[in-house]
Amino acid sequence: MPKKEKQGIVVSNKMDKTIVVRVAEYASHPKYKKIIETNKNYKAHDEQNVCNIGDTVRIVESRPISGDKRWTLSEVVEQVK
């Protein structure tokens, strides 16, 4: 079974070797058919502390690293200017 990948924006990098990534998911409302955006925050492992707030990153699912960290940084898609 392949590992899940998600892409989002870094909203916090204050912790050591950890980033918080906001991932937006879009779904259609069952009755009104309006597109609804839901945001969810994931804590991801950033071994080299390379991410800054505002970067677009791709995270991949991994084994549990700490109490609530189950994702690791795969790549930085776009860095903030």
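Read the figures in this text as sums done on the coordinates, not as results from a lab. Please read all numbers here as calculations on a predicted model, not as lab measurements. Here Cβ is always computed from backbone atoms with ideal geometry, including for glycine, and neighbour counts include all displayed protein chains.
For region 37-81, name all the residues that are surrounded by 15 or more Cβ atoms within 10 Å (Cβ to Cβ), among the β-branched types (Val, Ile, Thr) and in a strand (DSSP E or B).
If the condition is that a residue be surrounded by 15 or more Cβ atoms within 10 Å (Cβ to Cβ), among the β-branched types (Val, Ile, Thr) and in a strand (DSSP E or B), then 56, 57, 59, 60, 72, 76 are the ones that fit.
For region 35-62, enumerate the residues that are without any contact (Cβ under 8 Å) to a residue 12 or more places away in the chain and closer than 16 Å to residue 18 by Cβ.
Within region 35-62, just 48 meets the criteria.
Can you tell me which residues in region 12-36 are surrounded by fewer than 12 Cβ atoms within 10 Å (Cβ to Cβ) and among the charged types (D, E, K, R)?
14, 16, 25, 31, 33, 34
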